[in-house]
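Visitor: I have a structure here, written as structure tokens, and I will follow up with some questions on it.
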Amino acid sequence: MEENKLKALIEAVITELGAELARSGRAGPVPAAPVPPTSAPPPGRTGPGIDLPDPMSPEARALPGVREPLDADGLLALRETTTARIGVGRAGPRARTRDLLVFQADLAITKDALERKVPQALLDEFGLFTVDTRVSGGRSEYLLRPDLGRRLSDEAIALVKARCAPGPDVQVCVGDGLSARAIEANLARIFPVLKSGCASLGYSLGQPFFIENCRVGVMNDLGDLLDPKVLILLIGERPGLGRAESMSAYMAYRPKSGHSDADRNVICNIFDGGGVNPLEAGAYALRLAQDMMGKSASGVKLKLMEGEA
Ligand code: B12
């Protein structure tokens, strides 16, 4: 087909589509969100400015993408109730550029949480020395081989034996798990609560330490080595899209080889602003430790005993 005929055909289709939308009352590319001004290069600097408004700003995130919603206020209210991606709209059959960019940026936050390390300064602040697991090939091996993250390395066993006294009432360990960001976000708030809580309850607290490339199952090795009455493992949870600061406290009464998750309890979703506040989580962990010691049990066994009480 000749080029000018093709062009005419395309124009005719576009005109017809526009007319059809007008007839159905859905006409017009009414933008759902006012477009914020384009960022210019900073004063004194030349070069290209950013030609898209920042889609990651809280204001931009709050704007729905559905054009001409039947109930605009309802849609806004609904979006405020959740961080899930609802009411994002679409451009034809695909996601809007704005949403795709936000998705990619959020995914970057998730990947960063998986890859990054807990800052040494934070570990130093709480007097945590570091040991590793049997993961020796970095984070990619950690992700592919959960079994290696459940066992302490030989060097770790030697170091823990040298630096920690066995048999405390409560042993607190910190593990990066699947999000170092979670430890960065919560350790400074939960750790002092656990420490002062143990002191006021009269519990001896073992020398705490940090475990790199750590999985929950490492609790068994820790139990075999240190024989605490209660072990609390603070560990980074699997990050969600754009949400990396969620931490868990996995706990067990006298953990040892052969124990499974059925022998453990978890306080999950510990983070400020929507999750379990870390201060509250610390208090709850101490309460749970008391229960565990009182009933000499944890996990499903403890739950069943509570049912009997
Ligand atoms: C991944 C996951 C799982 C996976 C774990 C497999 C794996 N290798 O990753 C699977 C699908 C098997 C799973 C199963 C269950 N899970 Co789950 N799980 C999660 C999730 C999404 C992430 C956990 C995480 O990041 N762990 C940290 C990493 C570093 O740990 P890991 O060593 O890689 O993996 C271990 C833990 O994930 C642990 N685990 C996973 N779930 C649970 C639940 C309990 C009660 C315990 C003690 C341990 C545990 O099992 C893994 C192997 O040891 C959380 C959500 C959250 N916000 O934490 C829910 C979550 C922890 N799970 C939950 C529940 C209820 C369960 C089940 C009991 C569901 C059921 N009714 O069968 C089972 C039992 C768990 C078990 N292992 O026996 C709840 C716990 C609620 C609570 N406070 O008690 C959570 C918080 C989800 C929720 N919001 O309801 N889970």
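Visitor: Being within 16 Å of the ligand (Cβ to nearest atom), of a type in the set (K, R) and either buried (at least 19 other Cβ atoms within 10 Å of the Cβ) or touching a residue at least 60 places away in the same chain (Cβ under 8 Å) (or both) is true for just one of R264, R189. Which residue is that?
Guide: Checking each option against the conditions leaves just R264.
Visitor: Does N269 meet the test of being surrounded by fewer than 18 Cβ atoms within 10 Å (Cβ to Cβ), within 11 Å of the ligand (Cβ to nearest atom) and either of a type in the set (G, A, S) or farther than 22 Å from S204 by Cβ (or both)?
Guide: Taking the combined requirement at face value, the residue satisfies it.
Visitor: Limited to segment 98-133, what total is found for residues that are more than 16 Å from the chain's Cα centre (by Cα) and touching a residue at least 24 places away in the same chain (Cβ under 8 Å)?
Guide: Of the residues in that region, 16 qualify.
Visitor: For A84, indicate whether it is in a loop (DSSP other than H, G, I, E, B), of a type in the set (A, V, I, L, M, F, W, C) and at pLDDT below 90.
Guide: On the way: in a loop (DSSP other than H, G, I, E, B): yes; of a type in the set (A, V, I, L, M, F, W, C): yes; at pLDDT below 90: yes.
It is true that A84 is in a loop (DSSP other than H, G, I, E, B), of a type in the set (A, V, I, L, M, F, W, C) and at pLDDT below 90.
Visitor: A further question follows. Y250 is checked against (1) under 23 Å from E125 (Cβ atoms); (2) within 13 Å of the ligand (Cβ to nearest atom); (3) in contact (Cβ under 8 Å) with a residue 60 or more places away in the chain; (4) touching a helix residue (DSSP H, G or I) at 6+ places or on another chain (Cβ under 8 Å) and fails just one. What number does that condition carry?
Guide: The failed condition is (3).
Visitor: Which condition number does S196 fail, the rest of (1) within 16 Å of the ligand (Cβ to nearest atom); (2) surrounded by fewer than 19 Cβ atoms within 10 Å (Cβ to Cβ) being met?
Guide: It fails just one condition, (1).
Visitor: If you don't mind, there's one more thing I want to ask. Checking the condition among the β-branched types (V, I, T), within 19 Å of R238 (Cβ to Cβ) and assigned by TED's automatic domain parsing to the domain that holds K256, which residue from V174, V170 passes?
Guide: V174
Visitor: Do we find that R238 is of a type in the set (D, E, K, R), touching a helix residue (DSSP H, G or I) at 6+ places or on another chain (Cβ under 6 Å) and either within 16 Å of the ligand (Cβ to nearest atom) or in the same structural domain as I267 (by TED's automatic domain parsing) (or both) in this structure? Working first, answer last.
Guide: On the way: of a type in the set (D, E, K, R): yes; touching a helix residue (DSSP H, G or I) at 6+ places or on another chain (Cβ under 6 Å): no; either within 16 Å of the ligand (Cβ to nearest atom) or in the same structural domain as I267 (by TED's automatic domain parsing) (or both): yes.
So R238 fails the test.
Visitor: I've got another one for you. So, in segment 283-309, exactly how many residues are closer than 21 Å to S248 by Cβ and not basic (K, R)?
Guide: Residues flagged as closer than 21 Å to S248 by Cβ and not basic (K, R) within segment 283-309 amount to 16.
Visitor: Being under 27 Å from the mean Cα position of the chain (by Cα) and away from the ligand (no atom under 13 Å from the Cβ) is the filter here, so list the residues in segment 199-215 that pass it.
Guide: Once the filter is applied, which keeps residues that are under 27 Å from the mean Cα position of the chain (by Cα) and away from the ligand (no atom under 13 Å from the Cβ), segment 199-215 yields Q207, P208, F209, F210.
The values are calculated or read from the model by the stated rules, or taken from the named source; none is laboratory data. On a predicted model such as this, the values are computed, not experimentally measured, just so you know. Virtual Cβ from ideal backbone geometry, glycine too; neighbours counted across all protein chains shown.
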